[in-house]
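A short write-up of the structure that comes next.
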Amino acid sequence: MGWDPSMSDPRDALDAIGQLPDVEIDIAGAAIQLARIDAPGLDWQAATDHLSELARHAVSLADDLPSADLVARAGALAQLITGHHGYSGDTETYDDAANTNLIQVIERRRGLPVALGILWLHCARAVGWGAHGVDFPGHFLVALEGPSQARRSRTPEHRQMIVDVFAGGVPLAAPDMRSLLKRIEGPGAELRPGVLQPMSSRSVLLRLQNNIKSRRLAGSDLGGALSAIQDMLRIAPDVAVLWREAALVNQELEHVGAAVRCYERFLDLVPQGDAALRTRAAIDELRSRLN
């Protein structure tokens, strides 16, 4: 089933996205659907029109750029998104829920790193440039990928350029990323394998939604957190850890039957190992309540 962005129910759209290969996901369009669920009544159509405008502007800017110049690409995207359209990281009200809702990010021109990053990815991909999210600890980054010839280079900076979209698209060299990591994790932190792990479109959307889930859990809104997890499962139905999270929240809410079903789905995906053993024990305990 394909995804039609005009679907009246955004959850139907998320279900359709969940069946798509990752390369076919319209990352910004999917984030709009998540935003519609998070805050019904917002003008999602105006936000969608703005995404189209951003894409057109990106294509226009790219016409005059050297084909293999990552510095020029980063500068053009920063000029478009930060300069022309005025987007910035929200440093004053960082924990405002509006910073994770792409419709409100578009309306306010402010947001969290992952929300701004989705706009960068949207523009880069509209032009046909390779780009992906970077799963940096505590601070989402974007990598602009070099063309195929540059990717074969032995020099890392010729293969990709890491930019901090929260800071307006500032390029980050290794010392910059080391300093950023120390600010996040402490003075003893150092760059290590995995801190620049590329993210799929689906993973970026999950990171966006995870901000909402975490805030609701911190506020003891278990029902809201469960709703966020369920929406994450719509776009990523085979992510086992989400089924386990859904089971745990259902268990806290005394939704025993739903918790059992979520645990069983987890076991379908992870049938062996310590986690599977613990899950089977949890299922046995829950079923004893039903008898």
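The numbers here are math on the coordinates, done by the rules we state, and not lab data. Since the structure is predicted, the reported quantities are computational estimates derived from the model, not experimental observations. Every residue, glycine among them, receives a Cβ derived from its backbone with ideal geometry; neighbour counts consider all protein chains shown.
Tabulated results
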quantity	calculated
Under 15 Å, Cβ to Cβ, from Ile235 - net charge with Lys/Arg +1 and Asp/Glu -1	-4
Cα-based Rg and Dmax for segment 1-94, where Dmax is the largest Cα-Cα distance (Å)	16.0, 43
C-alpha center-to-center spacing [segment 156-206, segment 18-58] in angstrom	25
Volume in Å³ per residue [convex hull over Cα atoms, computed for segment 238-290]	60
Rg(Cα) / (2.2 N^0.38 Å) computed for the chain, rounded to two decimals	1.07
Inverse mean reciprocal Cα-Cα distance (Kirkwood Rh) of segment 16-61, Å	11.8
Helix 27-38 vs. the chain, principal-axis angle (Cα, 0 to 90°, nearest 10)	50
0 to 90° range, to nearest 10: angle between helix 44-62 axis and the chain longest Cα axis	40
Expected-Rg normalisation [2.2 N^0.38 Å, Cα atoms] applied to segment 162-212	1.27
Computed over segment 1-113: relative contact order in percent, which uses C-alpha pairs under 8 Å that are six or more apart	23
With Cα atoms, 0 to 90° folded angle of helix 201-218 axis to the chain main axis	60
